[in-house]
């Protein structure tokens with residue numbers, strides 16, 4: 001089963017929230033963590049990763065907080081995953097030349113897994129924050 005970490009879930013929730021803000025209004029991490037019942041420390045660290053990667057901007061001051069660095073239709077889910085999780089991989093051996101796998105050099109699944117991996121990456125690159133926020137609950141595109 002392919003799953004996102006809690007950090008990834010929280011990052012996507014926060015980005016969805018920021019994408020819904022009118023006029024690029026900044027929102028602080030505490031507001032987001034309270035509204036969605038997300039642990040504030042984990043959300044703050046996640047938003048810092050997103051800021052470091054240039055997906056969000058941090059603004060100081062009384063009306064400070066976080067804003068998207070660009071429009072939601074130009075931020076891919078793949079980009080968000082890379083910022084939060086690092087390399088996207090379907091199997092441990094796809095993270096790099098995994099010498100800890102005894103079957104790596106003779107594995108018959110390596111090539112098929114790489115094709116699946118590429119299709120998943122292509123899908124994630126093609127899906128944006130805007131796509132995620134426009135999809136009604138329970139509807140899969």
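Out of the residues in segment 1-35 meeting the condition of being over 17 Å from the mean Cα position of the chain (by Cα) and more than 12 Å from residue 67 (Cβ to Cβ), tell me which one is modelled with the lowest pLDDT. The residue in question is 1.
The helices (runs of 4 or more DSSP H) located wholly in segment 1-52 that include 2 or more residues which are closer than 21 Å to residue 127 by Cβ occupy 6-20, 40-52.
A search for C-beta distances below 7 Å between a residue of segment 49-61 that is in contact (Cβ under 8 Å) with a residue 12 or more places away in the chain and any residue that is part of a loop (DSSP other than H, G, I, E, B) and surrounded by fewer than 17 Cβ atoms within 10 Å (Cβ to Cβ), counting only pairs 6+ apart in sequence or on different chains, returns 54/69; 55/69; 56/69; 57/69.
Scanning segment 50-67 for residues that are surrounded by 17 or more Cβ atoms within 10 Å (Cβ to Cβ) and under 13 Å from the mean Cα position of the chain (by Cα) returns 50, 55, 56.
Criterion applied to 38, 75, 32 was being under 16 Å from residue 128 (Cβ atoms) and surrounded by 14 or more Cβ atoms within 10 Å (Cβ to Cβ), and the one residue passing it is 75. The residues listed here are 22, 57; of these, the one that is out of contact with any strand residue (DSSP E or B) (no Cβ under 6 Å at 6 or more places or on another chain) and under 20 Å from residue 130 (Cα atoms) is 22. Annotation note: Cβ proximity below 6 Å between a residue of segment 98-118 that is closer than 19 Å to residue 87 by Cβ and a residue that is in a loop (DSSP other than H, G, I, E, B) (sequence gap 6+ or interchain) occurs for 104/98; 113/90; 113/91; 116/90; 117/90.
The values are calculated or read from the model by the stated rules, or taken from the named source; none is laboratory data. For clarity, every value in this text was computed on a predicted model and none was experimentally measured. Heads up, the Cβs are rebuilt from the backbone with ideal geometry, glycines too, and the neighbour counts pull from every protein chain shown.
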